[in-house]
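The values are calculated or read from the model by the stated rules, or taken from the named source; none is laboratory data. Computed from a prediction, not measured in an experiment: that's the story for all the values here. Glycine gets a Cβ as well: all are built from the backbone with ideal geometry, and neighbour counts include every protein chain shown. Side chains are part of the model used for accessible areas, which takes the heavy atoms of the whole protein and leaves out ligands, DNA and RNA. Shrake-Rupley method; radii C 1.70, N 1.55, O 1.52, S 1.80 Å.
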Amino acid sequence: WVLPDDIYENVEWDKMGDTEFAKPRIFISKCLGFEACRWNGISLPQDAVDRLRDHADILTTCPEVEIGLGIPRKPIRIVEPKGEERRLMQSETGLDVTDEMNTYCDAYLRSLPEIDGFILKSKSPSCGVNSVKVYPGPSKVAALTTSGNGFFGSKVLEYFPNAVLEDEGRLRNLRIREDFLTRVFALARFRQLKAKGKVSDLVQFQASNKFLLMAYNQKEMRELGRVVANRDKLPLNEVIGLYDRHLRMALQKTPRVPSIINALMHGLGYFSKEITPGEREFFLKSLEDYRADKIPLSGALNVLQSWAIRFDNEYLLSQTFFRPFPEALIDQGGTCKR
């Protein structure tokens, strides 16, 4: 098929307030509130994780327990002797579990279905990403000045290179948390769409995510529009595959604040002749407060959404940008600072 230039003219807008959210499929390290499986036999519940239980399909594992280290257990560490490859060792016993960990990670991650996001335990020699201490040897010596990925975390990046991935420490930051939720719920919506395999659903998806994609990556937003238009008359399965790849590229990085503000200003343009000067001034101040990390993104979004409701703007009410994830997951805990 080839869609006409006015592909969105006949879209039946689905107001976000009346829409049920697709549940994202999220992998979470088991020690983050699901089982007392840390090396010292405790669990580390996290509020951001607990809030997801009713809104996501969650998969968990503890690689260290699964390779037989037990609960509690002697702690393990990543060891990188000079000129040698990294190993995973139990420092007190000298036990080397590198091969067992690699074998388990490969088997487990190959068995997973499509995952929308990962929340991994920070600083863990198995699950950590970008925050794990590396030691020059198994004995009690200082860590190297460099840090790296845990063995399971490294394998996640290998098997899911475009994954939406955070650790529980970073999710304490409100802005990072909102970004993580926005991305995993967008991917869940698209995964649901792929199961239906209908051209009309793809057109609707592109239309209702325009503002969100504008905020994240304008270049990929335009490319996704070209994919949907399908000038090359590709079969639907190829179009879906192309769209999937470019959507993940669009959502791969946290959006820059100026890009988000540009999308918000674009929304303001729909009400320039209807709101009062005082309302405009209030909105512009909220953008500056967001830029200065004084309020979260949801604070500015709520102003635009209230105008869309007030003036019954169906197009804006359909935009996932204004309600990217369930309101129950919005909380003001943590800092807004980047």
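A few notes on this one:
- Result for the chain in a Gaussian network model with C-alpha springs under 10 Å: among LYS155, LYS123, LYS273, the largest mean-square fluctuation is at LYS273.
- Read-out percent of Cα pairs over 30 Å apart, derived from the coordinates shown; its label in [x] 44; [y] 32; [z] 38: [x]
- With contacts taken as Cα pairs under 8 Å at a separation of at least 6 residues, the stretch 210-296 carries a relative contact order of 35 percent.
- Accessible-area order (highest first, 1.4 angstrom probe) of the listed residues THR98, THR146, THR60: THR146, THR60, THR98
- Relative to the Cα centre, the charge distribution of the stretch 26-132, modelled as +1 at Lys and Arg Cβ and -1 at Asp and Glu Cβ, gives a dipole magnitude of about 380 debye.
- Positive-end extreme of charge dipole, the stretch 163-287 - chosen from PHE205, GLY241, GLY267 (charges on Cβ): GLY241
- Cα shape, the stretch 184-298, gyration tensor, a/c 1.5 rule: prolate
- Evaluating 6.51 cos²θ - 1.76 cosθ + 1.60 at θ = phi - 60° for every residue in the stretch 83-88, the Karplus couplings come out as x, 10, 6, 5, 10, 10 Hz, glycine and proline recorded as x.
- Only protein atoms count toward the accessible area here, which uses a 1.4 Å probe; on the stretch 197-338, the carbon and sulfur part of that area reaches 53 percent.
- Gyration tensor (alpha-carbon) shape descriptor, the stretch 256-338, a/c threshold 1.5: oblate
- Charged side chains reduced to their Cβ positions (Lys and Arg at +1, Asp and Glu at -1) give the chain a dipole of some 820 debye around its Cα centre.
- Taking every protein chain into account, the accessible area of the chain amounts to 48 square angstrom per residue (probe 1.4 Å).
- Straight-line reach from LYS74: taking Cα to Cα under 17 Å and skipping same-chain neighbours fewer than 8 places apart, the lysines in range are LYS123, LYS133, LYS140.
- A simple count of charges around ALA215, restricted to other residues whose Cβ falls under 12 Å of its Cβ and scoring Lys, Arg +1 and Asp, Glu -1, yields +1.
- Computed from the Cβ-Cβ distance with R0 of 45 Å, the FRET efficiency linking PHE282 to LYS198 stands at 0.60.
- Taking Cβ atoms as reference points and 14 Å as the exclusive limit, the residues near VAL65 contribute a net charge of +1, counting Lys and Arg as +1 and Asp and Glu as -1.
- Extension gain, LEU236 back to SER272 (0.36 nm per residue minus Cα-Cα distance, nm): 9.0 nm
- GNM on the chain, alpha-carbon springs under 10 angstrom: the most fluctuating residue among GLN192, GLN206, GLN305 is GLN192.
- Mean separation of Cα pairs under 8 Å and 6 or more residues apart, divided by the residue count, gives the stretch 67-131 a relative contact order of 21 percent.
- Scanning the chain for DSSP H helices at least 27 Å long along the axis (C-alpha atoms) with a Kyte-Doolittle mean no lower than -1.0 picks out 174-196.
- Mean residue ellipticity, 222 nm, helices only, the chain: the sum of -39500 (n - 2.57) across DSSP H runs of n ≥ 4, divided by residue count and rounded to 500, is -13000 deg cm²/dmol.
- Dipole orientation for the stretch 112-161: of the candidates PHE160, VAL134, GLY148, VAL134 has the Cα lying most toward the positive pole (charges on Cβ; Lys, Arg +1; Asp, Glu -1).
- Dipole magnitude of the stretch 259-320, debye to nearest 20 (Cβ charges: Lys/Arg +1, Asp/Glu -1, about Cα centre): 80
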